[in-house]
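Report on one structure; see the data block that follows.
The values are calculated or read from the model by the stated rules, or taken from the named source; none is laboratory data. Quantities reported herein were computed from a predicted structural model and do not represent experimental measurements. As a convention, Cβ positions derive from the backbone with ideal geometry for all residues, glycine included, and neighbour counts pool all protein chains shown.
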Amino acid sequence: MERSTWRTKVGLAEMLKGGVIMDVTSAEQAKIAEDAGAEAVMALERVPAQIRAEGGVARMADLEKIAEIQEAVTIPVMAKARIGHFVEAQILQAMKVDYIDESEVLTPADEEHHIDKHAFEVPFVCGARDLGEALRRCGEGAAMIRTKGEAGTGNIVEAVRHMRKVMSQIRWVQSLRADELMAASKQLQAPYELVREVHESGRLPVPNFAAGGIATPADAALMMQLGAEAVFVGSGIFLSEDPAKRAKAIVDAVTFHDDPERLVAVTKGLAGAMPSLDIRKLDESELMAPRGW
Amino acid sequence: MSIGVLALQGDYDAHARMVERCGTTAQRVRCPQELKRVSGLIIPGGESTTIGKLIDRWGLHEPLLERARQGMPIWGTCAGLILLARRVEGSDQYRMGLLDVTVRRNAFGRQIDSFETDLPIRGFPGGPIRAVFIRAPLIIEVGPEAEALCETDAGVVMVRQGNLWGTSFHPELTDDCRMHRAFIELARG
């Protein structure tokens with residue numbers, strides 16, 4: 001018997017396809033998310049929009065908070081560690097969280113190195129803006145990739161950019177001759193073996209999810225139609241006017257992302273979305289997506 | 001002929017890829033109309049509470065029971081097993097209530113306790129299969145209508161009851177198509 005193999009790590013990501021992973025900051029919110037049909041929750045102290053508004057160093061969540069959320073639900077509970085902060089990750093592993101998000105939403109602890117995720121038994125998800133970044137994270141052991149988007153803005157534009165980039169670069173790699181793959185690997189700054197894998201399979205080596213700026217059912221369905229296999233919703237649910245209803249609507253929009261008539265039915269009558277930001281008006285230093293490389 | 005894969009949430013992709021590797025069409029099933037076209041149905045792994053809510057929300061409960069009564073083969077893996085069960089220990093969550101078993105959710109622990117191992121299945125030729133367990137359930141009681149086919153040290157992990165199969169583990173995450181081939185043969189009738 002082998003515990004925590006590559007198959008069981010990627011396997012849990014496979015189990016999470018077609019659903020919604022929701023950020024929650026209390027046991028009560030976790031219950032609301034689960035009742036609405038969330039397939040997993042991300043346990044946090046503050047959602048990204050609050051982190052953005054409050055400033056300062058954003059770290060791994062309070063462990064009491066994580067434990068309280070683990071107690072409240074039966075679905076998987078994820079938690080975030082700072083980029084490169086492998087001790088936060090060790091602590092989260094000891095807490096037996098089901099997935100660790102090595103996340104640009106928190107303040108990076110290392111501007112050069114990401115966590116060696118192969119060294120852990122718990123699986124990791126990492127953000128990416130393009131195929132090279134996605135494959136570098138897979139090379140370090142990420143068992144799930146998500147777009148970075150621009151978290152806490154309620155603005156889908158960056159997640160769209162990142163997903164389109166990843167998908168079009170996958171199509172490009174597929175179209176190459178075998179003897180062109182080393183140059184592609186050099187250009188993408190990605191491990192050659194993984195570039196070859198993408199060339200053969202036409203998809204990322206691990207499940208490919210969307211995150212960062214999803215605020216409406218239509219946003220979630222857009223990401224699914226662009227190639228996402230599931231979505232993370234951060235601030236978009238619990239900073240909206242009617243979280244329970246919006247949570248359910250986003251779940252339904254992911255299930256029927258390609259069926260506009262059902263999208264009408266799930267979207268109609270929703271109360272207001274979260275407060276949003278124009279990313280072009282943000283200062284460079286306020287952007288989260290460029291954190292990590 | 002096509003094999004349906006319930007595609008409300010979970011690892012429906014992995015199952016569909018296996019069915020297609022066996023040379024059979026895989027049809028995603030999310031609503032009653034899509035269920036009408038299939039000769040057998042796989043209920044994938046995922047979150048049983050989530051999938052259960054969506055079965056109910058999208059009006060699939062009665063149509064699923066009707067097809068099961070007519071003898072359509074149904075195979076539930078992991079969450080799918082929980083959804084097929086009659087009894088779920090300590091939970092009143094949605095279930096179809098077809099398999100005469102009691103299951104215990106997350107019986108092996110959290111994700112960090114997920115594992116894989118080789119297991120023989122009684123009456124199944126070609127040697128043991130690689131069984132992948134992910135936050136897996138255990139069958140803690142097998143009623144008179146169901147038959148246990150496979151065990152780990154912890155207890156029963158596969159049952160059959162007529163045309164219904166339930167497995168705690170995920171053959172769809174391996175390269176071994178034998179169980180999918182056998183299920184397709186069953187659906188072909």
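Residue-level check: of (1) over 23 Å from residue B:24 (Cβ atoms); (2) of a type outside the set (Val, Ile, Thr); (3) crowded, with 21+ Cβ neighbours inside 10 Å; (4) in contact with a strand residue (DSSP E or B) (Cβ under 9 Å, 6 or more places away or on another chain), residue B:145 misses just (3).
Checking A:226, A:222 one by one, the residue that is surrounded by fewer than 19 Cβ atoms within 10 Å (Cβ to Cβ) and within 18 Å of residue A:150 (Cβ to Cβ) is A:226 and no other. Considering (1) within 30 Å of residue A:221 (Cβ to Cβ); (2) over 17 Å from the mean Cα position of the chain (by Cα), the lone condition that residue A:18 does not fulfil carries the number (2).
Put simply, of A:77, A:47, A:10 the only residue that is crowded, with 24+ Cβ neighbours inside 10 Å, under 25 Å from residue A:256 (Cα atoms) and not aromatic (Phe, Trp, Tyr) is A:77. Applying the set (1) without any contact (Cβ under 8 Å) to a residue 12 or more places away in the chain; (2) touching a Gly at 6+ places or on another chain (Cβ under 6 Å) to residue B:170 leaves exactly one unmet item: (1). Annotation note: Cβ proximity below 7 Å between a residue of the stretch A:1-27 that is under 15 Å from residue A:145 (Cβ atoms) and facing another protein chain (nearest Cβ under 7 Å) and a residue that is of a type in the set (Gly, Ala, Ser) and outside any loop (DSSP other than H, G, I, E, B) (sequence gap 6+ or interchain) occurs for A:14/B:14.
Of the residues contained in the stretch A:235-254, none is found to be assigned to a strand (DSSP E or B) and in contact with a strand residue (DSSP E or B) (Cβ under 9 Å, 6 or more places away or on another chain).
Report whether or not residue A:93 is under 27 Å from residue A:273 (Cα atoms) and either among the hydroxyl-bearing types (Ser, Thr, Tyr) or part of a helix (DSSP H, G or I) (or both). Spelling it out, it is not the case that residue A:93 is under 27 Å from residue A:273 (Cα atoms) and either among the hydroxyl-bearing types (Ser, Thr, Tyr) or part of a helix (DSSP H, G or I) (or both).
Would it be correct to say that residue A:287 is under 25 Å from residue A:80 (Cβ atoms), in contact (Cβ under 8 Å) with a residue 60 or more places away in the chain and over 16 Å from the mean Cα position of the chain (by Cα)?
When the stated conditions are applied, residue A:287 passes them.
Report yes if some residue within the stretch A:190-198 is more than 30 Å from residue A:254 (Cβ to Cβ), touching a Phe, Trp or Tyr at 6+ places or on another chain (Cβ under 6 Å) and either surrounded by 13 or more Cβ atoms within 10 Å (Cβ to Cβ) or not small (Gly, Ala, Ser) (or both); otherwise report no. Within the stretch A:190-198, none of the residues are more than 30 Å from residue A:254 (Cβ to Cβ), touching a Phe, Trp or Tyr at 6+ places or on another chain (Cβ under 6 Å) and either surrounded by 13 or more Cβ atoms within 10 Å (Cβ to Cβ) or not small (Gly, Ala, Ser) (or both).
Pick out, from the stretch B:107-146, the strands (runs of 3 or more DSSP E) lying fully within it that include 2 or more residues that are within 17 Å of residue A:8 (Cα to Cα).
Filter on the stretch B:107-146 gives B:115-119, B:129-133.
When residue A:75 is tested against the conditions (1) within 11 Å of chain B (Cβ to nearest Cβ); (2) in contact with a His (Cβ under 9 Å, 6 or more places away or on another chain), the lone failure is (2). Would you say residue B:124 is closer than 13 Å to residue B:168 by Cβ and aromatic (Phe, Trp, Tyr)? Considered against the rule, which asks whether it is closer than 13 Å to residue B:168 by Cβ and aromatic (Phe, Trp, Tyr), residue B:124 comes out as no. Can you tell me how many residues in the stretch A:178-205 are touching a residue at least 12 places away in the same chain (Cβ under 8 Å) and in contact with a Pro (Cβ under 9 Å, 6 or more places away or on another chain)? Qualifying residue count, the stretch A:178-205: 2. Restrict the check to the stretch A:105-123 and report whether at least one residue is buried (at least 24 other Cβ atoms within 10 Å of the Cβ) and not in a loop (DSSP other than H, G, I, E, B). Checked against the condition, which is being buried (at least 24 other Cβ atoms within 10 Å of the Cβ) and not in a loop (DSSP other than H, G, I, E, B), the stretch A:105-123 yields no hits at all.
Per the listing A:278, A:252, A:259, the residue uniquely modelled with pLDDT of 95 or more and more than 19 Å from the chain's Cα centre (by Cα) is A:259. Among residues of the stretch A:164-176 that are over 13 Å from residue A:208 (Cβ atoms), those with a beta-carbon under 9 Å from a residue that is assigned to a helix (DSSP H, G or I) and among the hydroxyl-bearing types (Ser, Thr, Tyr) at least six positions away or on a different chain give the pairs A:174/A:201. The residue that is surrounded by the most Cβ atoms within 10 Å (Cβ to Cβ), among those in the stretch A:255-284 that are in a helix (DSSP H, G or I), out of contact with any Lys or Arg (no Cβ under 9 Å at 6 or more places or on another chain) and in contact (Cβ under 8 Å) with a residue 24 or more places away in the chain, is A:263. Take the stretch B:166-185 and flag every residue that is more than 14 Å from every other protein chain (Cβ to nearest Cβ), small (Gly, Ala, Ser) and either closer than 11 Å to residue B:14 by Cα or touching a helix residue (DSSP H, G or I) at 6+ places or on another chain (Cβ under 8 Å) (or both). Hit for the stretch B:166-185 is B:166, nothing else.
Hey, can you tell me all the residues within the stretch A:146-160 that are surrounded by fewer than 21 Cβ atoms within 10 Å (Cβ to Cβ) and under 24 Å from residue A:14 (Cα atoms)? Break it down stepwise before answering.
First pass over the stretch A:146-160, keeping only residues surrounded by fewer than 21 Cβ atoms within 10 Å (Cβ to Cβ): A:157, A:160.
Result: A:160, single match.
Restricting B:157, B:101 to those that are closer than 30 Å to residue B:63 by Cβ, buried (at least 21 other Cβ atoms within 10 Å of the Cβ), within 14 Å of another protein chain (Cβ to nearest Cβ) and modelled with pLDDT of 95 or more reduces the list to B:157.
Checking each residue of the stretch B:21-30 against the condition of being at pLDDT below 95 and farther than 19 Å from residue B:96 by Cα gives no match.
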